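One structure is given here, and the rest of the page talks about it.
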Amino acid sequence: MTTADWAGELSAGADPDLVERVLRLAAAPWVHPERLRGAVEANLDRPCVRVEDVIAGLEAAGDARSRPLPRRAQVREVALALLRHGARMAIVGQPGYPRRLADAWPELGAPLWLFLRAPEARLPAAAAVAVVGTRHPTVDGAQTAVALGRLLARHGVTVVSGMARGIDQAAHRGALQAGGATVAVLGTGFGVDYPAGDETVREAVAAAGGLVSELPPGCGPKPQHFIWRNRLISGLADVTVVVQGRVRSGALHTARLAAAQGREVMAVPGSVNDPASRAPLDLIRDGATPLTRLSDVLDIVGVVDAQRGGMQDGPATPGNTLTARLSADASDLLTLIGAVPAAPGALARAAQRPVTTILAAVAELETAGLVRATPRGPVLA
Amino acid sequence: MVGRVRTMAVVGLQAVAVTVEAHVAGGLPGFSVIGSWGPAAGQAADRVRTALATVGVAMPGRKVLISLAPADLPKAGARFDLAMAAAILLELGVVEQAALDGVALLGELALDGEVRPVPGVLPSAAALSATGVHRLAVADANAAEAALAGGPEVVPVRHLAELLAVLRKEQAPRPAPAGDNDVAAATVPAAGPDLADVRGQAEARRALEVAAAGGHHLLLLGPPGCGKSMLARRLPGILPPLTDDQALEVAGVRSVAGLLGDPVRLERRPPLCSPHHTMSAAALFGGGTGVARPGQLSLAHHGVLFLDELFEWPRGVIEALRQPLEDGVICVARSRATVTYPARVQLVCAANPCPCGGGDRCSCSDDAVWAYRSRLSGPLADRLDLAPAVEPLSAGDLLSAQAGESSAAVAARVASARAVARDRWGQAVTCNAVAPARLVRQSVRPAALRTLANAVEAGALTGRGYDRALRVARTCADLEGSQMVGTDHVLEAYAHRLGLRQQPTAAASAVGPAVAVAQW
């Protein structure tokens, strides 16, 4: 496979030479988003920041280092690994680069390149809303995220989030349940099982919208990766909704980035007593739009709510033969169980049913393979 | 001529009749005790000789020989002092043989002649009726305990002089204090902790009720401070009170361990033992030099054994629990005897759900959680029945004025469920947890059996787990007053077992993705 071959496949329509040069940067561990920002800022005094200048700046920095940029053979290996994972590369200014992110280029944090796995190698063009929040939500928080995901997907809005356990996955699952589009920005490269064991959801998201990463394939999770990817989550969405988060939460960071990128920020108001609602309440105090009903978010993205009048999202209608055979109790409970374990006691409170009913329903769902038992309670399988 | 007096030795819980023979003759002055006894025999000799001197019986320049028969029975302690003194009095002609016919004596002597209490009086007194003894002389402090047995007439003696006076008919024996053996009076359990103190915890409360109604073993899973111990300590309060026989068995073990309380009363409330995880295996199962003393496991007989921090216990100790849990007895071998103590306990364990404790901000990975959970050995997990999640209390729960349901209300439901079970099984089966699986299956609806069989086929349940789940389902049905076990009961029983998983089930990973994709 010649360079032109793999470059053409990896980034159709782009100059193979440019593809190789950018991939060479992307494969170097030291070329991370902060360095990229440095390279962009070095050009800010010019009348316009040219992609060519940024690349040249980074290459010059690489030549000056003791461990320079990778050799051509190594770049080729990375390219082939990406293709093996079914991934493509999008370079800013070239075809396939998401429009919303391009709006954030250069100084608002948009990346020079992006790896993505998506149908047709393109992220959905429709309006997009980021739904973000804590990894440890309450039952109510997870439900809100699922309901938001479902509502947005039903109205053709893409749900963007970060694939983390908790609010992120709840939002993805909501969108998937409604058969809509959802995009996940990963904190690892492709080919890494993270969050471990959640491959099913990742594959479903890849097929229903897309997976996005700016890290080379096989790159493991590191704390800074998740901080860096936040600017992609906010940048890929028109609106960012923070469902739940504690003080110093990552969701708070995403919301601040969204505001800096000139996007709308919404927050789900929770109880002032609930530490899990600290971040959204702080955002509302600082001027974010409170989400007083789920459909508020549709107003902001300019989609008409087909179900206006019904205050809340209706129950799930997964519409397959499996759920049809479930008892009424089990079907009802299925709408309460999310990506986050909830103890039967908590589910009983949420559903206002006796705990014996809940236990029987959990067992029914578990034996049907629809939920998975964890030591902390059932989650969606 | 040889003076013969009867007394009782206790080996484990078993009381054995012992004959004390005394022979006083000329020869080299001395006082020897023979009959399978260690160096402590010499101490008994000194106590008896000194005590006898206080009632004016001195033995200057004579050879005293005491023999305890049967000689091959291991003996220990000071329980034979009183009988030895009586045998010498008989041998010396101070009292007549007729005065000691049908009389047994148990007690330790102080140097001033006072009679002191000894352990194991209750099993001794209970065994005496079969040996033709109709009077039992014991220390004042043992009189109430001896009376509990309801066997021989109890003669309390305060001092060797009093025994002498009674035996010489110079004084009428004092009446024994009435043992608090009145069933009606004791049925009301002594005030213990009440379930009304537990707020929320719907699942754990339900599991506790099912466990109490069926005698099932329980594992409470929850973060530190969420109230696992609080719940466990409330289990005896909702269990049915002990029957006469059970209460006597429990008191017998406590008597042998020297733990029978003062004042002595027959405790109707099932015992609760909560040994700490640093405890040695000997302390848990029974042990000690020569003849083993009962451990915490036997002290919890007919009651609750609460093992907090289950995963902190040494694996060997937990594994060793399996056999007594099945058999209801524990057999402990020591150098001088192998004894069997009863150990029919209801096991309640508590553990954190994950390595960090499992609080609100738990960030343990699933792998770490499962690794932690694998410390629960499969065979033990199979012997547990219910594993509810005990939730950390929210501020709302703490502030809510609504108290939980009281122990009395729950105990009433437990009692009626147990009555239903007793009517069905008869006397041989004490609770659903020990009901033969074959009999349990007879009262389960076919659809319910099929539901559970599917879970076994999918690998989500072992064969043993299947039978145990059926028994729990039987209890759920009993609590509802339902004759037959339905699908709902079986599903609830299955859900109660979900917390016992040690790994993500093979079934879920095999079936899960296909179903999940179908759902999307």
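The values are calculated or read from the model by the stated rules, or taken from the named source; none is laboratory data. Since the model is a prediction, treat every value here as computed from it, not as a measurement. We place every Cβ from the backbone using ideal geometry, glycine too, and count neighbours over all the protein chains shown.
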Would you pick out the residues in segment B:458-492 that are among the β-branched types (Val, Ile, Thr) and assigned to a helix (DSSP H, G or I)? B:Val472, B:Thr475, B:Thr487, B:Val490
Scanning segment A:1-48 for residues that are in contact (Cβ under 8 Å) with a residue 24 or more places away in the chain and of a type in the set (S, T, N, Q), the one farthest from A:Leu108 (Cα to Cα) turns out to be A:Thr3
Which ones in segment A:333-370 are crowded, with 22+ Cβ neighbours inside 10 Å, more than 7 Å from chain B (Cβ to nearest Cβ) and more than 24 Å from A:Val132 (Cβ to Cβ)? A:Leu333, A:Leu334, A:Leu347, A:Ile358, A:Ala361, A:Leu365
Specify the residue that is nearest to B:Ala433 (Cα to Cα); the eligible residues are those in segment B:449-486 that are facing chain A (nearest Cβ under 8 Å) and in contact (Cβ under 8 Å) with a residue 24 or more places away in the chain. B:Cys476
Please specify each residue of segment A:42-57 satisfying the condition of being out of contact with any Leu (no Cβ under 9 Å at 6 or more places or on another chain) and surrounded by 13 or more Cβ atoms within 10 Å (Cβ to Cβ). A:Ala42, A:Asn43, A:Val49, A:Arg50, A:Asp53, A:Ala56, A:Gly57
Taking segment A:371-381 and keeping residues more than 8 Å from every other protein chain (Cβ to nearest Cβ) and either free of Cβ contacts under 8 Å to residues at least 24 places away in the same chain or surrounded by fewer than 24 Cβ atoms within 10 Å (Cβ to Cβ) (or both) leaves A:Val379
Could you tell me whether A:Val355 is under 19 Å from A:Ala204 (Cβ atoms) and either at pLDDT below 80 or outside the structural domain of A:Gly166 (by TED's automatic domain parsing) (or both)? no
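Conditions (1) of a type in the set (Val, Ile, Thr); (2) closer than 24 Å to B:Leu347 by Cβ, marked per residue:
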residue	(1), (2)
B:Gly404	no, yes
B:Ala412	no, no
B:Arg418	no, yes
B:Arg422	no, yes
B:Thr430	yes, yes
B:Ala435	no, yes
B:Ala448	no, no
Looking at A:Ala206 and the list (1) in contact (Cβ under 8 Å) with a residue 60 or more places away in the chain; (2) at the interface with another protein chain (Cβ under 10 Å from one of its Cβ atoms), which single condition is not satisfied? (2)
Considering B:Ala143, B:Ala139, B:Ala104, B:Ala147, which residue is buried (at least 17 other Cβ atoms within 10 Å of the Cβ), in contact (Cβ under 8 Å) with a residue 60 or more places away in the chain and not β-branched (Val, Ile, Thr)? B:Ala104
Look at segment B:319-333 and say how many of its residues are touching a Pro at 6+ places or on another chain (Cβ under 9 Å) and surrounded by fewer than 18 Cβ atoms within 10 Å (Cβ to Cβ). 5
Are any residues in segment B:293-329 under 16 Å from the mean Cα position of the chain (by Cα), more than 17 Å from B:Gln246 (Cβ to Cβ) and outside any helix (DSSP H, G or I), and if so, which ones? B:Arg293, B:Gly295, B:Phe306, B:Leu307, B:Leu321
In segment A:162-184, which residues are closer than 30 Å to A:Trp30 by Cβ and touching a Ser or Thr at 6+ places or on another chain (Cβ under 7 Å)? A:Asp168, A:Val183, A:Ala184
Within segment B:344-404, which helices (runs of 4 or more DSSP H) (wholly inside it) include 2 or more residues that are closer than 21 Å to A:Ser271 by Cα and either more than 10 Å from chain A (Cβ to nearest Cβ) or modelled with pLDDT under 80 (or both)? B:395-399
List pairs: first in segment A:174-193 and without any contact (Cβ under 8 Å) to a residue 24 or more places away in the chain, second outside any loop (DSSP other than H, G, I, E, B), Cβ under 7 Å, 6+ apart or cross-chain? A:Asp193/A:Glu199
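For every residue, the table says whether it meets (1) in contact with an Asp or Glu (Cβ under 7 Å, 6 or more places away or on another chain); (2) over 23 Å from A:Gly338 (Cβ atoms); (3) in the same structural domain as A:Val78 (by TED's automatic domain parsing); (4) of a type outside the set (A, V, I, L, M, F, W, C).
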residue	(1), (2), (3), (4)
A:Ala175	no, no, no, no
A:Glu214	no, yes, no, yes
A:Asn230	no, no, no, yes
A:Gln244	no, no, no, yes
Could you tell me whether B:Val304 is modelled with pLDDT of 90 or more, aliphatic (A, V, I, L, M), buried (at least 22 other Cβ atoms within 10 Å of the Cβ) and farther than 30 Å from B:Cys226 by Cα? no
Evaluate the following for A:Val129: is it surrounded by 24 or more Cβ atoms within 10 Å (Cβ to Cβ) and not in a helix (DSSP H, G or I)? yes
Does B:Ala98 satisfy the criteria of being among the small types (Gly, Ala, Ser), surrounded by fewer than 17 Cβ atoms within 10 Å (Cβ to Cβ) and without any contact (Cβ under 8 Å) to a residue 40 or more places away in the chain? yes
Can you name every one of the helices (runs of 4 or more DSSP H) wholly within segment B:199-262 that holds 1 or more residues which are farther than 22 Å from A:Thr357 by Cα, within 14 Å of chain A (Cβ to nearest Cβ) and not polar (S, T, N, Q)? B:228-233
Within segment A:179-196, tally of residues that are in a loop (DSSP other than H, G, I, E, B), within 14 Å of chain B (Cβ to nearest Cβ) and buried (at least 24 other Cβ atoms within 10 Å of the Cβ): 1
Any chance you could count how many residues in segment B:16-47 are modelled with pLDDT under 90, within 30 Å of the chain's Cα centre (by Cα) and outside any helix (DSSP H, G or I)? 3
